[in-house]
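Throughout, read-outs are computed from the coordinates displayed, never taken from laboratory work. Keep in mind that what you see is a predicted model, and the values were worked out from it rather than measured. Methodologically, a virtual Cβ is constructed for each residue, glycine included, from the backbone with ideal geometry; neighbour enumeration extends over all protein chains shown.
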Amino acid sequence: MAQPSIPYKVSYRDVKYPRLEFKTGRLLFVLPFGFEVETLWDKYKGWIFKKNEFIQKCLRSKPNKKIVERTEEEFRDLVRFVVKKTLKELNEDLNKIYFRTMKTKWASCSARENLTINRLMKYLPDHLLSYIIFHEIAHLKERRHNDKFWEIVSRKFNNWKELEKDLFMYWFKVANQKASE
């Protein structure tokens, strides 16, 4: 294997399967003890270079992204309003909404029909907040990110690929700036 030209770190952990992460914008190999970096590098080098190129592009364009300032109350009220509207639109029900700071994602929807919202979403523009909530509630209809799921999302957000890119760019701006405050 040729030495990777992309800076990376290796973390050996008590995990069953190896994985690659770019959560902070830097490549991390999470490997079971004794697993060789080269094995994963050789298998996924095309994906690694493509993802790295995308991240670098996002980092270069992030100064254009404006952070929205809302109070915690304004944020929670907005989330509850959008959730209520989206549940009606998708004919779904939800148990609870939780608000917490999450390190790697904007939101999640559990199999128990609970929605967890990352508190950092309060700095996003309304259209991205609406998209994230719709995306997560769509998981009540389809758990996986398969064609059926993206068909559901496309009914309201046919520009979802562009929105996903915007969210990625905002992640670096918001998570790095606001999480440290």
*Which ³J(HN,Hα) values in Hz, rounded to whole numbers, follow from the phi angles of the range 100-105 under the Karplus curve 6.51 cos²θ - 1.76 cosθ + 1.60, where θ = phi - 60° and Gly and Pro get x?*
7, 7, 10, 7, 10, 8
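So if R0 is 35 Å, what FRET efficiency would residue 6 and residue 114 give, r being the distance between their Cβ atoms, rounded to the nearest 0.05?
0.40
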_Whole percent per 10 Å bin, from 0 to the bin with the longest distance: what is P(r) over all C-alpha pairs of the chain?_
8, 31, 33, 22, 6, 0
_For the range 46-152, the spread of Cα positions along each principal axis, largest first, Å_ = 40, 36, 22
_Spin-label model distance (nm) - residue 161 vs residue 43, 7 Å beyond Cα toward Cβ_ = 2.7
_Amide H partners (placed H, <5 Å) of residue 102, local residues excluded_ = 119, 120
*asked:* For residue 107, what residues show an amide H to amide H distance below 5 Å, using hydrogens built from the backbone and excluding near sequence neighbours?
replied: 118
_If I take R0 = 30 Å and measure r between the Cβ atoms of residue 36 and residue 56 in this structure, what FRET efficiency does the formula 1/(1 + (r/R0)^6) give, to the nearest 0.05?_
0.70
*asked:* Give me the one-decimal nm value for the distance between modelled label points at residue 70 and residue 154, 7 Å along each residue's Cα-to-Cβ direction.
replied: 2.9
_Contour minus Cα-Cα distance for residue 89 and residue 13 (0.36 nm per residue)_ = 23.1 nm
